[in-house]
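The values are calculated or read from the model by the stated rules, or taken from the named source; none is laboratory data. Please read these numbers as outputs of a predicted model, since none were measured by experiment. All Cβ positions, even for glycine, are placed from backbone atoms using ideal geometry, and neighbour counts span all protein chains on display. Surface areas here come from the heavy atoms of the whole protein model, side chains and all, with no ligands, DNA or RNA. Shrake-Rupley method; radii C 1.70, N 1.55, O 1.52, S 1.80 Å.
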Amino acid sequence: MPQSSALSQRGQFRAMYMGLKSQHALEHTPVILCEGDSWFSTPLAMNLLDWIVSPAPEDEARGVPQFGKGGLFFRVERSGDQAAPQAAHPGRSMFTKDNVDDLIGWFTRYRFDAVLLSAGGNDFVDTWLHDALVGRRGLSASQAFDAIVATGRYEQVREAYAFFVGAFHEARPDVPIIAHTYDYPRRIGSAAELGLRNLGAAALLKKSVGPWIGPNIETVIDGGIDAWREFTRHLIDGFVERVLEPVKRDARFGGMFDYVDLRGTLTTDAQWHDEMHPTEAGFHQLAGVFREKLISWLPLAKR
């Protein structure tokens, strides 16, 4: 099986691309641009994108579909980034004009076969969620979700998605742009466990460990963990129904935007590392769902 290469350094990507081109290997090598949040970049373990780039050896032995014929991945994802523009930290927003213009420059310079997105989860948690529900008490999960809908946040994220997808589709109408849903969290209120064992020296520098949901809803939503899980299910279903589906159905994009539905895949606490991130094994399971959909979008010669 040909090997995949994931290159976050742009100079390395350029060199690898030109090398493949000189060997006439681009004719059968998928070239993928990846932008996203921690589901593509968390260092806690092998994340969703890591498993797509470098599947486990036992996957190949079992005949599990790999990512086409190897692959060259241009990776610019970063943990904590949001989809929609934000005033407080403008540099931590993915779907802004500055970031899109920068990526479009690369996208039009090299022959990419697909764009992968992981975006939107951070837009509904942490300080934003606190501010959206501050001062409220005694709500049901449905009432709290209604309060989120009333903020207009879904519309903001949908407009940001449409801006990004529209810019890339205009630049290369033949290239699919593929996002994913998030799965339903279970360990509401659980922070990430950082240490030298799973992060190495990076654990000493990482500051954002969560939890990003629990502290902002535990005094707002009655009913304990079951109600809090119900609320997060509403949040994720709302993201699909109010963001991903409308963008997918938008005729301007010619059917070239799609998403992979990962909801309901990880159903036990043991499959989650913390409040928002699966374990390495959990990401591996999700990657199996994701990979099959992505391969179906590749040109026939590269599957």
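So here's what we get for this one:
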{"quantity": "Per residue, in Å², the accessible surface of the chain once ligands and nucleic acids are set aside, probe 1.4 Å", "calculated": "44"}
{"quantity": "Surface share of carbon and sulfur [accessible, 1.4 angstrom probe, percent] for the chain", "calculated": "52"}
{"quantity": "Mean ellipticity per residue at 222 nm, deg cm²/dmol - from DSSP H runs of n ≥ 4 across the chain, formula -39500 (n - 2.57)", "calculated": "-12000 deg cm²/dmol"}
{"quantity": "Modelled FRET efficiency - R0 45 Å, His24 with Glu245, Cβ distances, 0.05 increments", "calculated": "0.65"}
{"quantity": "Order of exposure, largest accessible area first, which applies to His284, His277 with probe 1.4 Å", "calculated": "His284, His277"}
{"quantity": "For Met16, solvent-accessible area (1.4 Å; no DNA, RNA or ligand), Å²", "calculated": "70"}
{"quantity": "Qualifying aspartates and glutamates (Cα of each under 13 Å from Cα of Lys97; at least 8 residues distant if same chain)", "calculated": "Glu159"}
{"quantity": "Within a Gaussian network of the chain (alpha carbon springs, distance under 10 Å), most fluctuating of Phe13, Phe124, Phe73", "calculated": "Phe13"}
{"quantity": "Those aspartates and glutamates that a straight Cα-Cα span of less than 18 Å connects to Lys302, excepting residues fewer than 8 apart in one chain", "calculated": "Glu27, Glu60, Asp113, Asp174, Glu292"}
{"quantity": "Highest-MSF residue in the chain out of Lys69, Lys248, Lys21 [GNM, Cα springs under 10 Å]", "calculated": "Lys21"}
{"quantity": "Dipole in debye (nearest 20) - the chain, about Cα centre, beta carbon charges: Lys, Arg +1; Asp, Glu -1", "calculated": "780"}
{"quantity": "Label selected from (i) 141; (ii) 133; (iii) 114, the criterion being volume of the Cα convex hull per residue in Å³ as computed here", "calculated": "(ii)"}
{"quantity": "Neighbourhood charge, 12 Å Cβ-Cβ cut-off, centred on Leu139 and excluding it, Lys, Arg +1 and Asp, Glu -1", "calculated": "-2"}
{"quantity": "Accessible area (Å², 1.4 Å probe, nearest 10) - Val220", "calculated": "10"}
{"quantity": "Shape of the range 239-303, Cα gyration tensor, a/c cut at 1.5", "calculated": "oblate"}
{"quantity": "Listed residue pairs exceeding 19 Å between alpha carbons, taken from Lys69/Lys293; Lys69/Lys248; Lys248/Lys293; Lys21/Lys293", "calculated": "Lys69/Lys248; Lys21/Lys293"}
{"quantity": "Among Gly138, Gly210, Gly80: highest mean-square fluctuation, GNM of the chain, C-alpha pairs under 10 Å", "calculated": "Gly138"}
{"quantity": "DSSP beta bridges in the chain [antiparallel fraction, %, rounded to 5]", "calculated": "5"}
{"quantity": "With all protein chains modelled, accessible area of Ser22 [1.4 Å, Å²]", "calculated": "80"}
{"quantity": "Rel. contact order, % - alpha carbon contacts under 8 angstrom, at least six apart, the chain", "calculated": "24"}
{"quantity": "Stretch in the chain that is longest and holds no GluC sites (Glu not before Pro) that DSSP places in a loop and that have at most 16 other beta carbons within 10 Å", "calculated": "28-192"}
